[in-house]
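The values are calculated or read from the model by the stated rules, or taken from the named source; none is laboratory data. Quick caveat: nothing in here was measured; it's all calculated off a predicted structure. Cβ placement follows ideal geometry from the backbone for every residue including glycine, while neighbour counts extend to all protein chains displayed. What goes into the accessible areas is simple: the full protein's heavy atoms, side chains included, and nothing from ligands, DNA or RNA. Shrake-Rupley method; radii C 1.70, N 1.55, O 1.52, S 1.80 Å.
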Amino acid sequence: MTFLALLLLLPLCSCNAPEREPASAVPASPDAPKPLPRTRLVFPNERAIEVEMALTPEDQERGLMLRTRLDPDYGILYAFPQERVLKFWMKDTLVDLDMVFLDKDKRITVIHRDVPRAETAAPDSRIARRTGLGRYVLTLPAGAAGWNKLEVGQKLRFDAPEPR
């Protein structure tokens, strides 16, 4: 089973201390897959974070699978070849999320706040699913859309290569 498996509806991201790694998700297992590429993302309030980018179908399927916690400044940006109706689900997602769907111009089309985590023994019929129109989907720790005062119609800034 997979986390945030993409289902297309049609057709069915101290002074002398060593430099700290950017904020990230903490994997549940030491056998974590290779890190995803990163980019800087700027919210409308000018606050910036580093986000991982899921550009391939394999990375998009894996997403945040089996992560047990997220740092407050963490996110994954899912990029798709074209704008379309996208459906994400929370299978094997062990943290609550905010999901922000963005169009081809990087404008917010839909915000799903506080999407509940999947219970490990939950049947597929009880796992949260969220849908929106977009070319990009930004997943953030639950509450981050509110902290950053995100609203439909706002534009985010980031560079992302064409998805493979």
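How about the stretch 72-128: which of its residues are among the basic types (Lys, Arg) and modelled with pLDDT of 90 or more? Across the stretch 72-128, the qualifying residues are Arg84, Lys87, Lys104, Lys106, Arg107, Arg113. When the stretch 74-111 is examined, which residues are found to be open to solvent by less than 10 Å² (accessible area, probe 1.4 Å), in contact with a Ser or Thr (Cβ under 7 Å, 6 or more places away or on another chain) and of a type in the set (Val, Ile, Thr)? Listed by number, the list holds a single entry, Ile76. Go through the stretch 112-126 and report how many residues are in contact with a strand residue (DSSP E or B) (Cβ under 6 Å, 6 or more places away or on another chain) and surrounded by fewer than 19 Cβ atoms within 10 Å (Cβ to Cβ). Final tally of qualifying residues: 1. Against the numbered list (1) open to solvent by 70 Å² or more (accessible area, probe 1.4 Å); (2) of a type outside the set (Val, Ile, Thr); (3) assigned to a loop (DSSP other than H, G, I, E, B), Leu133 comes up short only at (3).
Of all residues in the stretch 14-54, those satisfying the criterion of being at pLDDT 90 or above and either open to solvent by 60 Å² or more (accessible area, probe 1.4 Å) or out of contact with any Phe, Trp or Tyr (no Cβ under 9 Å at 6 or more places or on another chain) (or both) are Pro37, Arg38, Arg40, Phe43, Pro44, Asn45, Glu46, Arg47, Ala48, Glu50.
Of all residues in the stretch 88-128, those that are within 12 Å of the chain's Cα centre (by Cα) and acidic (Asp, Glu) total 2.
Within 17 Å of Leu41 (Cα to Cα), surrounded by 20 or more Cβ atoms within 10 Å (Cβ to Cβ), under 12 Å from the mean Cα position of the chain (by Cα) and at pLDDT 85 or above, is that true of Leu140? Judged against the criteria, Leu140 is a match.
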